[in-house]
Amino acid sequence: MIREKVRVKSFKINDICVTGQSNQSILEVARDNNIEIPTMCYLEGLSCVGSCRMCIVEIQGSHEPTPACTAKIKEGMEVTTSSPQIEAARKMILSMMFSERSHTCSTCVANGDCELQNKSVELPLEHSQVPYLNQRFEIDASHKNFVNDPNRCILCTRCIRVCDEIEGAHALDLAGRGLNMRIIHDMDEPWADSQSCTSCGKCVYVCPTGALYEKDISEEEVIKKREIITELIKNRGK
Amino acid sequence: MSISTDDRYNTLEKSIKKLGYDKSSLIEILHSAQETFGYLGIDTLKFIASRLKLPYSKVYGVATFYNYFRLKPKGKHNVVVCLGTACYIKGSNKILENIERRYGIKAGETTSDEALSVLTARCFGSCSLAPVIVCDDVIKPKITLESSTREIEEMIK
Ligand code: SF4
Ligand code: SF4
Ligand code: FES
Ligand code: FES
């Protein structure tokens, strides 16, 4: 494999001059420079899939918003991380995440420690912009420690990636398409019967919502150890 | 029927081998498996996953993403008629036509009471037993117009 030479590139984010390495994404360089860009599916240490579109930014000369987590930096580019259009688009994206499944926070174990909920406070999204679909999916509570509730899943695929890339089990994947897409174990078998799952719990830690959670703990006790994965990867020297 | 005695798995194995056990040929293999079996059962998908050394969930995800793939026939029971060369020469098309007429549905369809799905496949790998139909996963060899309807009636009764 020919290694592409990593070069240093200079460009602007919100009129601030920044530099980064050519293999870095706009998001990484922004974070290095303490410029905040909201994210959802992104988790430091995992691969980037650009599935949620929360991190969209404007790049001068481009007609459409670009996800900062997957876009590599370019010399001389001018990036804007916030504008009325971008803010409106982010709100719409978030609103669609809420409407697709049923997010009744008051009855959810992740209440208070949910990235979806937190985002709606940060943006802020005061009210829903699209009607709720009120879909109903079956909950898988077969596993002795964990529960998979597709009704709260935002299909960020963090769980799939951590299981594949870090645990090396690839017990999870997406099945179906469109509105009916779901996280499944093996051949859509009950979690408890999954031959490939090692019950490590990493998927539960990284899930931004209450879709994957630990059994028998109350709302107050729920602590999602999302950073644990990032730390793990750093320690492995990846 | 166990995988080792089922000729359809030999046929499938051959097409996987022809593609060099290449992970990226998954979709092509799912196609030929559906042609061989009429649909993609869980055992078939697991077989493919282990031959290609792919995670179960990945194979299942791909198979459920495309509308073209059928994971199970809709009906409570199913009959798969082989339209491969050997069976065709021995009149399997007539057998299919007869079944279609009798139950008022076309191949790929399910009766309105969801009792029976009629599917077709291209060679189960049991050509010496042609013409062959498969009733709920059981191979019925050397079938005739009469015996085919008898077997189906037996199955759905
Ligand atoms: S518990 Fe671990 S092995 Fe099992 S699905 Fe979650 S991440 Fe994968
Ligand atoms: S279960 Fe959680 S981590 Fe997995 S895709 Fe859904 S929201 Fe994301
Ligand atoms: S964080 Fe960039 S698309 Fe999800
Ligand atoms: S042609 Fe029907 S089994 Fe081979």
#### Entry: Amide H within-cut-off set for A:Phe146, under 5 Å, with H built and near neighbours excluded
A:Lys215
## Note on the structure
Per the charge dipole of the protein assembly as shown (beta-carbon charges, Lys/Arg positive, Asp/Glu negative, Cα centre), the residue among B:Thr144, A:Ser106, A:Val147 reaching farthest to the positive end is B:Thr144
### Charge dipole magnitude, Cβ of K and R +1, D and E -1 - the protein assembly as shown, Cα centre, debye nearest 20
1320 debye
### Message
Go through the cysteines of chain B and tell me which have no other cysteine Cβ under 4.7 Å away.
### Response
B:Cys123, B:Cys127, B:Cys135
### Message
With +1 on the Cβ of every Lys and Arg and -1 on the Cβ of every Asp and Glu, and nothing else charged, how large is the dipole of the range B:1-152 about its Cα centre, in debye rounded to the nearest 20?
### Response
300 debye
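Among DSSP beta bridges whose residues both lie in the protein assembly as shown, state the antiparallel percentage, nearest 5.
On the way: 26 of 34 bridges.
Percentage antiparallel, nearest 5: 75.
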### Message
Taking just the alpha-carbon atoms of chain B, what radius of gyration and Dmax come out, in angstrom?
### Response
15.4, 44
### Message
Please compute the average number of Cβ atoms from other chains found within 10 Å of each residue's Cβ in peptide B:51-60.
### Response
6
### Task
Name the lysines eligible as straight-distance cross-link partners of B:Lys157: C-alpha to C-alpha under 19 Å, and not fewer than 8 places from it in the same chain.
B:Lys74, B:Lys76, B:Lys140
### Query
Which ³J(HN,Hα) values, rounded to whole Hz and listed in residue order, are derived for the range A:30-42 from phi using the Karplus coefficients 6.51, -1.76 and 1.60 in 6.51 cos²θ - 1.76 cosθ + 1.60 with θ = phi - 60°, glycine and proline given as x?
4, 5, 4, 9, 6, 9, 7, 10, x, 9, 9, 7, 5
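How big is the dipole moment of the range A:8-82 about its Cα centre under a simple scheme where the beta carbon of each Lys and Arg is +1, that of each Asp and Glu is -1, and everything else is neutral? Debye, nearest 20, please. Don't jump to the answer; show the numbers that get you there.
Numbers: 6 positive and 9 negative charges, 31 e Å.
Computed about the Cα centre, the dipole is about 160 debye.
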### Query
Antiparallel DSSP bridges in the range B:77-156: what percent, to the nearest 5?
55 percent
### Message
Quick check for chain A: number of Lys pairs with alpha-carbon distance under 21 Å, counting only pairs 8 or more apart or on different chains?
### Response
25
### Query
Given Cα pairs under 8 Å that are at least 6 residues apart, what percent is the relative contact order of the range B:77-156?
38 percent
### Positive-end extreme of charge dipole, the protein assembly as shown - chosen from B:Ser24, A:Val162, B:Leu45 (charges on Cβ)
B:Ser24
#### Entry: Karplus-derived HN-Hα couplings along the range B:137-143 (A = 6.51, B = -1.76, C = 1.60, θ = phi - 60°), whole Hz, x at Gly and Pro
6, 10, 6, 10, x, 6, 7
## Note on the structure
Once the dipole of the range A:8-82 is set up from charges on Cβ (+1 Lys and Arg, -1 Asp and Glu), the residue from the list A:Ser10, A:Gly50, A:Ile35 lying farthest towards its positive end is A:Gly50
### Message
Inside 10 Å of the C-beta atoms of A:184-194, what's the mean count of C-beta atoms belonging to other chains?
### Response
4
### Query
Taking B:Lys58 as the anchor, which aspartates and glutamates have their alpha carbon closer than 18 Å to its alpha carbon, excluding any fewer than eight residues away along the same chain?
A:Asp164, A:Glu165, A:Glu167, A:Asp173, A:Asp186, A:Asp188, A:Glu189, A:Asp193, B:Asp22, B:Glu28, B:Asp43
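For the range B:12-65, state the average projected area of the convex hull of the C-alpha atoms over all orientations, rounded to one decimal in nm². Before the final figure, lay out the partial values.
Working: hull surface 12.4 nm².
With the hull built on Cα positions only, its mean projection is 3.1 nm².
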### Message
What does the net charge come to around B:Ser112 if you take all other residues with beta carbon closer than 15 Å to its beta carbon, with K and R at +1 and D and E at -1?
### Response
0
### Message
Taking beta carbons within 10 Å but only from partner chains, what does the mean come to for residues A:167-175?
### Response
4
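Given the DSSP H assignment, sum -39500 (n - 2.57) over each helix run of at least 4 residues in chain B and divide by its residue total; what's the result at 222 nm in deg cm²/dmol, nearest 500? Please report the intermediate quantities before stating the final value.
Details: 7 runs with 74 residues, N = 157.
Calculated mean residue ellipticity at 222 nm is -14000 deg cm²/dmol.
Where a number appears in this text, it was derived from the coordinates with a stated rule and is not lab data. Note that the structure is predicted; figures quoted are calculated from it, not measured. Here the Cβ is made from the backbone with ideal geometry for all residues, glycine too, and neighbour counts use every protein chain on show.
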